[in-house]
1. Can you find a residue in region C:171-193 that is of a type in the set (S, T, N, Q), within 26 Å of C:Leu435 (Cβ to Cβ) and within 14 Å of another protein chain (Cβ to nearest Cβ)?
2. Within the bounds of region A:38-56, is there any residue that is of a type in the set (Phe, Trp, Tyr), part of a helix (DSSP H, G or I) and either touching a residue at least 40 places away in the same chain (Cβ under 8 Å) or over 30 Å from C:Asp254 (Cα atoms) (or both)?
3. Given the structure, is B:Ile158 within 14 Å of chain A (Cβ to nearest Cβ) and assigned to a helix (DSSP H, G or I)?
4. Looking only at region C:479-496, which residues are of a type outside the set (A, V, I, L, M, F, W, C) and in contact with a helix residue (DSSP H, G or I) (Cβ under 8 Å, 6 or more places away or on another chain)?
5. Six or more apart or on different chains, Cβ under 9 Å: which pairs go from a residue in region C:259-270 that's exposed (fewer than 13 other Cβ atoms within 10 Å of the Cβ) to one that's part of a loop (DSSP other than H, G, I, E, B)? Could you list them?
6. Would you say B:Leu28 is closer than 13 Å to B:Arg289 by Cβ and either in contact with an Asp or Glu (Cβ under 8 Å, 6 or more places away or on another chain) or aliphatic (A, V, I, L, M) (or both)?
7. Based on this model, can you work out whether A:Arg158 counts as within 25 Å of B:Leu15 (Cα to Cα), part of a helix (DSSP H, G or I) and free of Cβ contacts under 8 Å to residues at least 12 places away in the same chain?
Amino acid sequence: MTPFKSALRIAGRHPAAAIAALFLLGLTLLALLAPWLRGDSPWAMVAAPLLPPFSQWAHPLGTDMLGRDLFTGLLYGARSSLLVGALSTFLTLLIGVGVGAVAGYNGGWIDALLMRIAEFFLILPALFLAVILVSVLEPSTSSVVLAITLVAWPSVARLVRSEFLTLRQREFVLAARVSGQSAAQIILRQILPNALTPVLVVAGFVMATAILTEAALSFLGLGDPDGMSWGYMINASRNLLRDAWWMSLWPGLAILLTVLAVNLLTEGLRSALGRQGGRHAD
Amino acid sequence: MKGLWFLGNRLAQALLTVLGVLVLSFLLVRLAPGDPALLMAGEAGSDDPHYIEQLRVQMGLDRPLASQLLTYVGKVIRLDLGYSYRNQSDVWILIAERLPATLLLLGSAFLLSSLIGVGLGILAALSARRRGWLDKLISTLATLLYAAPSFWLALLLIILFSLQLGWLPAFGMETVAASLSGWDRVVDLARHLLLPAFTLACLFLALYIQLTRSSLLEVFRQEFVRTAQAKGLAPRRILFAHVLRNGLLPVVTFAGLQLGQLASASLLVEVVFAWPGIGRLLYDALSHRDYPLLLGVFLVISVLVVLLNLLTDSLCQWLDPRIQAGGGQA
Amino acid sequence: MRKLLLALAALGSVGAALTGYAEPSPSRGGTLNLVAQPEPPAISHALVSHVSTQYVSGKILQSLLTFSTDLEAQPVLASRWDVSEDGKSYRFTLQPDVLWHDGKAFSAEDVVFTFGEFYPEIDARYASIRDDYFESISADGDAVVFQLKKPFAPLLSLLGSGLRPVVPRHLYEGSDLRNNPVNLKPVGTGPFVFDEWKRGAWIKLKRNPNYWKPDLPYLDGIVFHVIPDAASRAAAYERGDIHVLRGGDADYADVKRLAALDGSHLSDKGYELYAGQAFLQVNTRNPPLDNVLVRQAIQHALNRQFIVDHIFFGNGKVARGAFVSGTPYHDPQLPQYDFDLERARQLIRESGVDTSKVTLRLLNGERGGAWERLAEYTRQALQPLGLRVQVVTSDSATWYQRASNWDFDLTYNFNFQVGDPYLSTAYFYRSEYILKTSPFANIVGYRNPEADALWRQVADAGNETERRQLYSELEHLLNHDLPLIPIFEISFPTLYRDKVRNLLQTATSLNESYDSVYLEGGQ
């Protein structure tokens, strides 16, 4: 069976996840093509202010109080959310997997120390920490990514560590040790591939959290000052809730659907990959 | 005896965590580009060179880092959290004024979300056993709630209940400028509390529903329930005596773990509803770059979360003595 | 016939007397709930002329006189004034038996100190007027005499605009005026006494039991609530918890809706002395803003009608020049700058300035609201010119500080042209007022000897025709140089609830003492 057909098979068994995947792909595409589809800047004042949605073809979702197009804002906001989400997830995985692997493989006091540090960051109220960090470092895409990574890595680390704790006892690892492979080789070639499934799953949840945190930070005024963001759009709508409720509806819906899609896809991955179990590398 | 040792152990751990928070906030100030004294003077105090010089001396910026840290920790222990130039007041006083409002909000939200969440979770589990439609409905609701940003949900609720229907007030904790007393005041407070507490509860509703549902379903399958059924105990008694007690354990554990998230979400809710708690205080401090206040709030909320964690851990231990010091359930 | 007319007149006056008696007397008691938005940077308007400060402090400190809505001078602390034939001597007879809030007696010595020592030190604008025109200020029993070197037509405006109250000599003499602790707890002669200022929450004033007007004030107290959120302010007003929202307190988007509520009134009276104009102050020291073509390009790039219609929701009209249109000082023939992006770009090209490396800092002192939106709009509007604008938002106290210290490239501000522009608008343009004490001065560093000369001539000019001619020349010059870009003329709609009476009584009403304001039903 070709990979394509088997993919379709899997998709058929998990329709929700498949739709979610399509949605995310479509969103990414739209976000990338935004400058060609909707013009250079979401900040340009292109029409009469406070235009209601569905009243003009050129501005399907209406405009805000300065006449900026809301659909354009959504697309550019998608760029921020997806970019920050992807970067944060990547960085979180890098750090989380690294720390978790070292802790899980070595055990002993290294494990205890690293896990203590992880628990410390896990207990702290995440958004407060993120807010302070971004504020102190001055708001920008990099400080936001850094802040999200700092609060997200512990859960990844703990998961990877517990996977490692179980896996390192297994026969294939013992066999690899006996055959003289170094610790690094064992970690990279034997254990990690088997730990991949839960790591992918937790990556999905990290991505969802990253998108929500980025939105919250932008809402509080700590987002990248030059970038349009869904959180910023929601904040801008607060004064006009009465007269222009749609200004808060679209960006919120966008966040909801994106996070939902990520969650559904992750759930789908979890059940799909779970079936195949962990096969050991040879 | 064992319980006491356990408590002592957890207390020591909590203290260590608090120390860690102190070190973290100490480092954060020095992390920023530029002069730490200028940072701590805030936007409002930065034009007062006399004040900045004063701060420089107080923070001991010319001394080695370790010495500065010691000074800082010593101050915090004496409840000296710094001075807010803009508000012309000690940080500790500003926080103490607002803390009760936040505690009220957190407490109400926790109650609402656990009561409603567990209730709906029970319904869902019962419906799942019979393959009913209620289960599907509740689960879908939970999934949607989990993905929605809390501040957006807050705005939607305001639009619906406050602006369109006019049932509930949209902002604040009490009606501004109306001096109410006694029962009227309590009712007024409750009306203002309802939307923010409910919004905050929504976030965790989803998790409580799912958790209760799955843990109950798990418990239904277990041996001792069948044993009890065989013994002839009435179904309802089974439910309450055995199922709930064992099924609720993960819920309580979970509650403890989620306190940090609850606190974080309360920040957003307080901002949207202009609820005068420390989350709102943080937001004001943020807008005015009032760093002493910012850090003070961070410190206090972190310590609060650590203490509440300690509380729920002890509660877990009491509910099921089989659980040892830890909480390292991934 | 004559007898009939006399009879009718008699009847009329009896009728008037009867209706006078039939009118219900004002109710006593109750607390008036107002809003202080933005939160004032200071509480004494003898020191700071910020609008919010005036609003609060005007009930505590009083001036010698004020102006009615017909712009007739009316007595306050001065019961009458006599002007000599040659216009060089003014004698103000003071009210008897006036007490300061701390119980000490008010006397002519206080007035002499206030205008002879206090303001000259605090306010450079006043100091130069004093130096140019005043020969002496002296006490004469229960009166104060201002002896002038030459006639100064705007003197009554100067003393009665509500901006220069009298301060207590016994608390200020010999002290460091700016840092005197009395500044935080002002002591005045007004109908209300300062009680408490809880920052971020409220400012409370209590009734003055020893107020010099018998039986006044009616109110027990006034509370100014600090509510930073515009929607909350509107909601509080809707519920009736806040009684008055003056222009700017409600977000302009809400004004129509709030005016239409039951028991709610809207009025634009009370600002007759104040002709308000909003403008963009352009720091002419910082390149490329030192180039006049760039400044002119900026004016062409701003769609001022859009600003009026969509940012201020129609509460005003586009400005037509440096002086407020409709006043006798504005020249209706003044050439106008239309909204014209092409022309703007052309001017930039002509100027030869490379805009790619430029970032202009635009200061904004009010979070969330029309002024912030205006700043955002400006950022967008100047972008086609290649100018990058960075909006720097802070609270009003910080804005005040930064603007005063010239720490900006662009900032919006507004001014009340109180009658004669010489007394107010001039401070923004004259090179003698290049100061660092307040944003309401020549903070843009504009120096034009021709303009300065015209300002001096205008103050000395004898007849009206000559003055108008001079003002027209001046306006043309300022219109070309554009150190300040006029944006729009603000209207100030006041929203107030039914039960508030006697609110808009004078031409400076919202800065007035409120001594005869009462709440129907005493609540």
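1. Yes.
2. no
3. yes
4. The answer is C:His480, C:Asp481, C:Pro483, C:Pro493, C:Thr494.
5. Note: pairs meeting the criteria are C:Asp262/C:Asp498; C:Gly263/C:Gly240; C:Gly263/C:Asp498; C:Gly263/C:Lys499.
6. no
7. no
Every residue, every condition in (1) of a type in the set (Val, Ile, Thr); (2) buried (at least 17 other Cβ atoms within 10 Å of the Cβ); (3) touching a Lys or Arg at 6+ places or on another chain (Cβ under 7 Å); (4) within 14 Å of chain A (Cβ to nearest Cβ), yes or no:
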residue	(1), (2), (3), (4)
B:Asp35	no, no, no, yes
B:Gly42	no, yes, yes, yes
B:Gly45	no, yes, no, no
B:Pro49	no, no, no, no
B:Leu61	no, no, no, no
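The values are calculated or read from the model by the stated rules, or taken from the named source; none is laboratory data. Fair warning: this is a prediction, and the values are worked out from it, not measured in the lab. Neighbour counts are summed over all protein chains in view; Cβ atoms, including those assigned to glycine, are modelled from backbone coordinates with ideal geometry.
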